[in-house]
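Notes to accompany the following structure.
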Amino acid sequence: MSQIFLAVFLMVVLPGAALLMAYREHVHNGRIHTLQHQLHLALWAASHDALTKLLNRRGGLQQLTHALSGEQRVSVVMLDLDKFKAVNDNLGHHGGDKLLVQVATRLEALGGRVADVARLGGDEFFLIVNGIGDEARIAAHAAWRAIADEPFLIDGHKLRVTASIGVASHQLGADAIRMITNADYALFTAKHSGAPVCVHTVGEPPIGNRPAVRRRDRNT
C-alpha cells in the first residue's frame, strides 16, 4: 500500500505542486512587469508633453543639461507662433491644439543638426542644436521655413503660419536655464523687430519691454 501511495504522490501531488509554484511565479513576474510598465509610463509622462508627445519643459531642460556636459558645443533655437491667439479665437482651442501637433511633427522632421525638440508650453517650442554660429542659424531658418513655407490644414481650413525665433549659442559657464533665457531674449527681440530670426548677443538688451513673467511661466 505504501508503495502505491508513494507512486500516486510522485505522479500527482509533486507535479501539481510544481504547477502551483510555476503559476505563483508567473503571477509574481506579471506583477513586476506591470509595475515596471507603470513606472516607465510615469517617467515618460513627467518628461513629455501630453498633446504633442515632444519633450516638455522639464524633459527639454534635462536633455539640454546633458548636452552641455558633453564635448559638442550646442545652441538653443526657441520659437513661438505669430498670432496664435487668433487661431484659437477663430477655430477654437481644439483647432489650436491640432495646429500645435502639426507644428511639432514638422519640427521633429527637421533632422540635420537638430538633436531634440521640446515644447515649453502654449505655442512655444525649442530645439537643441549640435553646433554654434552658422550651424545654429541654419537650423533656425530651417525651422522657420518648415512652419511658414507650406500652409497647415486644420478642419478643412488652410492656415498660413509664421513664427518668431531666437537663437542662443553655448557660452562659457552658461547652464541650461541661462541658455533658455538668452534665447528667450533673442526671440522677444525678433517678435518686436519683425525679423524672423534673431541671434542673442552678449550684453545686448532686447527690443521692447519684455514681460517679467512669460506666459509659459504662468502655466507651470
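Sorting the segments 142-151, 183-192 by their residues' average number of neighbouring beta-carbon atoms within 10 angstrom, most packed first, yields 183-192, 142-151.
Could you order the peptides 164-177, 89-102 from most to least packed, using the average number of other C-beta atoms within 10 Å per residue?
Packing order, densest peptide first, comes out as 164-177, 89-102.
Readers should treat all values here as calculations from the given coordinates under stated rules, not as data from a laboratory. What you see is a predicted model; the values in this text were computed from it and never measured. Here the Cβ is made from the backbone with ideal geometry for all residues, glycine too, and neighbour counts use every protein chain on show.
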